[in-house]
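Heads up, the thing below is written out as structure tokens.
None of the figures in this text is laboratory data; all of them are computed from the coordinates on show. Note that the structure is a prediction, hence the values are computed from the model and not measured. Positions of Cβ are backbone-derived with ideal geometry, glycine not excepted, and every protein chain shown enters the neighbour counts.
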Amino acid sequence: MIHQKSIVILISLSDIRILDILDIVIVAYLIFMLYKLLRGTMAMNIFMGVVLFYLVYLLVDFLEMPLLKTVLGTFVSIGFLILVIIFQPEVRRFLLLTGNNMKGRLKFLDNYFGWSKSSKSYENEASVNEILKAVEKLAKTRTGALLVLTDEFGWRNYASNGIELNANVDSNLIESIFFKNSPLHDGAAIIAGDKILAASCVLPISQNKTISQDLGLRHRAALGITENTSALALLVSEETGNISIARDGKLMDSLSTDQLKNELLKKLH
């Protein structure tokens, strides 16, 4: 009997194709990405409610309760559309997170095909040095600042309410923008490559309920923009003069100058 069971198991295992394993791996990866995206947000509670609702529907179907199945089936049939509407920000972030991961996996192509230009790298490093020079001075005077470094073509979507500059990155200009009496000091400055694209931009505030209540509006805006885009936010606290970085909806502080430079270079490259 045991021998027969072993044969049955071996036959079943032999029927598993490579595509079946790949299918399981992809689904598991997508579930992990979804959990990583929703973890610590109100959307997680909504998602768990949706899962529970669907399990109830399956139970009703199994128990053959036609009337209740019809009622629940109506919601299930339009459930996908409802989920897209409710989870619109999360869907966008999920696609963004997936795209960023794929871009990171394929980054080796830049070096292989020579897409990364040394002259552009030189310009980016010069820009980073100017940014660091400015934020260090702003930190010493405890002047609040928020800079958003992006490589997205859609930066106008979140800079449309600011003032377009399209100026070269310069430490003196950055200091002037965030000078307390400057008309541009409120909001964020958007930087791409060696250009300050816009200033005084109003950013979306993070909706994450798990972040510390001690964080001010500037920190919440930095987290909000990095939750919704692939941008990196560099900020100076007006209260403490600390320099922090926000990326992928997470805040990093107490970084050394070298660590700050490496993070900025990685983004601008």
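Overview of values
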| read-out | value |
| --- | --- |
| Sites SER230 and SER176 - FRET efficiency at Förster radius 25 Å, r taken between beta-carbons, to 0.05 | 0.35 |
| Least to most buried among GLU263, GLU227 (fewest other Cβ within 10 Å first) | GLU263, GLU227 |
| Ascending count of other beta-carbon atoms within 10 Å, so fewest first, for VAL128, VAL51 | VAL51, VAL128 |
| Label-point separation, ILE31 to ASP253 (7 Å along Cα→Cβ), nm | 3.7 nm |
| Potential extension, GLU238-VAL71 segment - 0.36 nm per residue separation minus Cα distance | 54.6 nm |
| Above-threshold pairs, the threshold being 22 Å between Cα atoms, out of LYS133/LYS261; LYS195/LYS267; LYS137/LYS261; LYS195/LYS266; LYS195/LYS250; LYS140/LYS250 | LYS195/LYS250; LYS140/LYS250 |
| Residues LEU149, LEU68, sorted so that the one with the fewest Cβ neighbours within 10 Å comes first | LEU68, LEU149 |
| Placed amide H near ASN168: partners under 5 Å, 5+ positions off or other chain | ILE196 |
